[in-house]
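A.B. asks: One structure is given below, represented as structure tokens, and several questions about it will come after.
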Amino acid sequence: MTREEVYAKLLPVFKDIFDDRRIKIDDSTVSTDIVGWDRLMHIQLIAAIQDEFAIRFAVEDAANMKNVGELVDLIMKQC
């Protein structure tokens, strides 16, 4: 799966979880860039991403992602 393909599947998940059709994400996007992305929403986001991509993250990986770029890297490793 290419980075572009990951983003094509990932963006709708972000828009759905945060209920915001205007969200834009890229490798440098961090939680403070998106209104409402707190610890609880992070858990919901990770669960939705795991379902969308049919993958599972290690707890420490899910908790320690610094930005969307690292998230995409983790997804690509498993797809």
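A.B. asks: When only residues in the range 1-17 that are surrounded by 15 or more Cβ atoms within 10 Å (Cβ to Cβ) and touching a residue at least 60 places away in the same chain (Cβ under 8 Å) count, which is nearest to Leu74 (Cα to Cα)?
C.D. replies: Val6
A.B. asks: Next up: Which helices (runs of 4 or more DSSP H) sit wholly inside the range 18-79 and have at least 1 residues that are within 10 Å of the chain's Cα centre (by Cα), touching a residue at least 40 places away in the same chain (Cβ under 8 Å) and under 21 Å from Ala8 (Cβ atoms)?
C.D. replies: Ranges flagged: 68-78.
A.B. asks: Would you confirm, using the coordinates I've provided, whether Ile23 is in contact with a Leu (Cβ under 6 Å, 6 or more places away or on another chain) and at pLDDT 95 or above?
C.D. replies: no
A.B. asks: Related question: Looking only at the range 59-79, filter to residues that are of a type in the set (A, V, I, L, M) and modelled with pLDDT under 95; which one of those is surrounded by the fewest Cβ atoms within 10 Å (Cβ to Cβ)?
C.D. replies: Val59
A.B. asks: Considering only residues that are of a type in the set (A, V, I, L, M), modelled with pLDDT of 95 or more and touching a helix residue (DSSP H, G or I) at 6+ places or on another chain (Cβ under 9 Å), look in the range 1-15 and name the one that is nearest to Ile25 (Cα to Cα).
C.D. replies: The extreme case among them is Leu10.
The values are calculated or read from the model by the stated rules, or taken from the named source; none is laboratory data. This is a predicted model, so every value here is computed, not measured. Because the Cβ atoms are built from the backbone with ideal geometry, glycine has one as well, and the counts that use them run over all protein chains shown.
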